[in-house]
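Working notes, beginning with the structure itself.
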Amino acid sequence: MTDPVLALGLGAFALLLLALPLAFWSVSGGGQGSQAVRWMVAAANLALTAQLVLRWWQSGHFPISNLYESLCFLAWACTLTQLLVERSYPSPIVAAAATPMGLGCVAFASFALPDQLQQAAPLVPALRSSWLVMHVSVIMVSYAALLVGSLLSLAVLFTDRGQQLELRSSSIGSGAFRQASLAAEGPAASGLELSSASLSLSEQLDSLSYRTITVGFLLLSIGIVSGAVWANEAWGSWWSWDPKETWALICWLVYAAYLHTRLSRGWQGRRPAMVAVAGLVVICVCYIGVNLLGIGLHSYGWFLSA
């Protein structure tokens with residue numbers, strides 16, 4: 001292996017591959033080994049950071065111009081998001097849910113892509129714009145936040161399945177309380193009481209998922225708007241119903257529906273989690289599925305066009 005960029009990618013893959021079974025073992029072992037998992041994920045994130053910086057230095061442009069660079073950047077953003085979420089709630093189930101995404105991105109970039117896509121190449125004329133960093137990087141970070149949030153929602157579906165989630169809060173992790181039963185003692189006991197409550201595992205995951213998806217949705221909105229501005233500058237049209245644009249809009253609508261059910265309908269727990277899991281599938285189609293076909297105006301440097 002003579003290319004240090006590819007070597008750093010393989011190093012990150014090895015670290016995440018070791019972290020994944022240890023993360024699942026930590027879930028069943030009551031948290032034993034979770035600190036080691038966090039250190040491995042942090043080391044993988046540092047390796048991906050070094051890889052992206054080195055590719056930037058080699059190519060002379062921001063390393064997000066083809067599928068290999070994009071996948072490595074997405075893996076970097078996913079591992080960073082995972083570390084930030086674990087800082088808020090250091091539970092081994094967070095690592096078990098989120099680590100597979102970073103591992104899958106690095107594995108696909110390192111082993112599934114042809115060699116010519118793994119090498120640095122000059123930017124095509126359409127990508128030689130200052131909007132490249134603004135639009136594509138924001139979209140990738142939004143995907144990372146939405147993917148990690150959706151995986152946490154998926155974890156909600158498999159944890160505490162026999163327990164009814166009864167959390168009453170703003171869904172942002174503050175002011176949580178439960179409605180207590182009727183007070184039975186004393187003549188003055190005539191109404192409902194509100195009692196503060198510690199969050200169960202499902203409720204904590206639900207809150208973390210909501211907050212992470214909210215950040216991802218806001219970033220996705222910024223990315224779509226910046227993309228429309230760039231499209232008008234490059235192609236003379238704000239929106240052209242390109243396959244990539246269409247699926248990005250579908251993705252935005254799915255997560256908008258998720259937030260609507262949380263904010264307007266008051267849904268919590270498993271019902272909005274299923275909407276978030278649907279969003280996970282839509283992101284995979286938007287990001288990988290459309291690009292593998294190599295069609296539309298966003299097919300620069302992708303699989304079938306290589």
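The values are calculated or read from the model by the stated rules, or taken from the named source; none is laboratory data. Just so it is clear, the structure is predicted and the values come from calculations on it, not from any experiment. In this analysis, Cβ positions are derived from the backbone assuming ideal geometry, glycine residues included, and neighbour counts consider all displayed protein chains. What goes into the accessible areas is simple: the full protein's heavy atoms, side chains included, and nothing from ligands, DNA or RNA. Shrake-Rupley method; radii C 1.70, N 1.55, O 1.52, S 1.80 Å.
For this structure, a couple of remarks:
- In the stretch 103-123, the residues that are of a type outside the set (S, T, N, Q), more than 17 Å from the chain's Cα centre (by Cα) and open to solvent by 20 Å² or more (accessible area, probe 1.4 Å): Phe111, Ala112, Pro114, Asp115, Ala120, Ala121, Pro122, Leu123
- Looking only at residues in the stretch 1-28 that are touching a Pro at 6+ places or on another chain (Cβ under 8 Å) and small (Gly, Ala, Ser), the one that is surrounded by the most Cβ atoms within 10 Å (Cβ to Cβ) is Ala23.
- Selected residue (criterion: most open to solvent (accessible area, probe 1.4 Å)) from residues of the stretch 48-79 that are more than 22 Å from Arg38 (Cβ to Cβ), touching a residue at least 12 places away in the same chain (Cβ under 8 Å) and among the aliphatic types (A, V, I, L, M): Leu54
- If the condition is being exposed (fewer than 15 other Cβ atoms within 10 Å of the Cβ) and outside any helix (DSSP H, G or I), then the stretch 29-47 contributes Gly29, Gly30, Gly31, Gln32.
- Every condition in (1) under 18 Å from Ala120 (Cβ atoms); (2) in a helix (DSSP H, G or I); (3) over 21 Å from the mean Cα position of the chain (by Cα) holds for Thr2 except the one numbered (2).
- Counting only residues that are at positive phi and either surrounded by 15 or more Cβ atoms within 10 Å (Cβ to Cβ) or assigned to a helix (DSSP H, G or I) (or both), the stretch 256-270 holds 1 of them.
- Positions within the stretch 228-250 being open to solvent by 40 Å² or more (accessible area, probe 1.4 Å) and acidic (Asp, Glu), in sequence order: Glu233
- Taking the criterion of being open to solvent by 20 Å² or more (accessible area, probe 1.4 Å) and either under 16 Å from Asn45 (Cα atoms) or in a loop (DSSP other than H, G, I, E, B) (or both), the residues of the stretch 82-102 that qualify are Leu83, Leu84, Arg87, Tyr89, Pro90, Pro100, Met101.
- Scope the stretch 249-263; condition at pLDDT below 90 and either within 14 Å of Val285 (Cβ to Cβ) or among the hydrophobic types (A, V, I, L, M, F, W, C) (or both); matching residues: Leu263
- Screening Ser130 with (1) surrounded by fewer than 23 Cβ atoms within 10 Å (Cβ to Cβ); (2) hydroxyl-bearing (Ser, Thr, Tyr); (3) in contact with a Leu (Cβ under 9 Å, 6 or more places away or on another chain) gives one miss only, at (3).
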